[in-house]
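Step one of this worksheet: look at the structure below.
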Amino acid sequence: MTTAYVGLGSNLGAPLAQVHDALQALNELPATRIVRHSSLYRSAPQGYRAQPDFVNAVAEVETKSDAPTLLAGLQGIEQRAGRERGFRNAPRTLDLDLLLYDAARIDAPGLTVPHPRMHERAFVLVPLLEIAPEITIPGVGSARTCLERLAVQRVERLS
């Protein structure tokens, strides 16, 4: 079994329900189960700011799937939720990111692990550290140190 971490986010439709439904869908992926997930958090959009706030969470999963297969499963969940890829940082019904896949460093077409910008995003680091307080990001270092380096980014705990 491999431990992986998945970032979840939504800001269109019913974001709270989208994230809850995605957590359930993650648990239904073949050879994959959720070990734990963070609380839900509200965060301001980054990049393109003319959009609603996001609801974010992170889930720790155990999986027998390889990283490309897990990613394909995540993208299938996004598609079923109505995800459209309009432009970078666009509003979305659901966004699922494969953040970490054990300590692997993967750089393949369509798949980069660790997620290339996770260490710059409080909306990823705060929920990740809630469920894995000592986690390190391969090639980067301590997630806690990364969070401490960030300028204040508003991340509000919802539940």
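Numbers below:
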| read-out | value |
| --- | --- |
| Members of region 1-33 found to be aliphatic (A, V, I, L, M) and in a helix (DSSP H, G or I), listed by number | Leu16, Ala17, Val19, Ala22, Leu23, Ala25, Leu26 |
| Set Leu100, Leu70: member being in contact with a helix residue (DSSP H, G or I) (Cβ under 9 Å, 6 or more places away or on another chain) and either among the hydrophobic types (A, V, I, L, M, F, W, C) or within 20 Å of Ala17 (Cβ to Cβ) (or both) | Leu100 |
| Residue check for Ala57: surrounded by 15 or more Cβ atoms within 10 Å (Cβ to Cβ), touching a helix residue (DSSP H, G or I) at 6+ places or on another chain (Cβ under 9 Å) and assigned to a helix (DSSP H, G or I) | no |
| Which numbered condition Gly76 misses (of (1) part of a helix (DSSP H, G or I); (2) within 14 Å of Tyr101 (Cα to Cα)) | (2) |
| Members of region 34-49 found to be assigned to a strand (DSSP E or B) and either of a type in the set (S, T, N, Q) or open to solvent by less than 60 Å² (accessible area, probe 1.4 Å) (or both), listed by number | Ile34, Val35, Tyr41, Ser43 |
| Single condition Thr145 does not satisfy, out of (1) within 14 Å of the chain's Cα centre (by Cα); (2) in a helix (DSSP H, G or I); (3) polar (S, T, N, Q) | (1) |
| Test for Ser43: is it at pLDDT 95 or above, under 24 Å from Thr136 (Cα atoms) and among the small types (Gly, Ala, Ser) | no |
| Residues that are farther than 16 Å from Pro91 by Cα, surrounded by fewer than 15 Cβ atoms within 10 Å (Cβ to Cβ) and small (Gly, Ala, Ser), drawn from region 1-16 | none |
| In region 122-142, the residues that are under 22 Å from Glu62 (Cα atoms), open to solvent by less than 30 Å² (accessible area, probe 1.4 Å), outside any loop (DSSP other than H, G, I, E, B) and among the hydrophobic types (A, V, I, L, M, F, W, C) | Val124, Leu125, Leu128, Leu129, Ile131, Ile137 |
| Region 84-121, residues that are in contact with a Lys or Arg (Cβ under 8 Å, 6 or more places away or on another chain) and open to solvent by less than 40 Å² (accessible area, probe 1.4 Å) | Arg92, Thr93, Leu94, Asp95, Val113, Pro114 |
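The values are calculated or read from the model by the stated rules, or taken from the named source; none is laboratory data. All figures in this text were calculated on a predicted structure; none of them were measured in a lab. Note that we place each Cβ from the backbone using ideal geometry, even for glycine, and neighbour counts take in every protein chain shown. Protein only, heavy atoms only, side chains kept; ligands, DNA and RNA dropped before computing areas. Shrake-Rupley method; radii C 1.70, N 1.55, O 1.52, S 1.80 Å.
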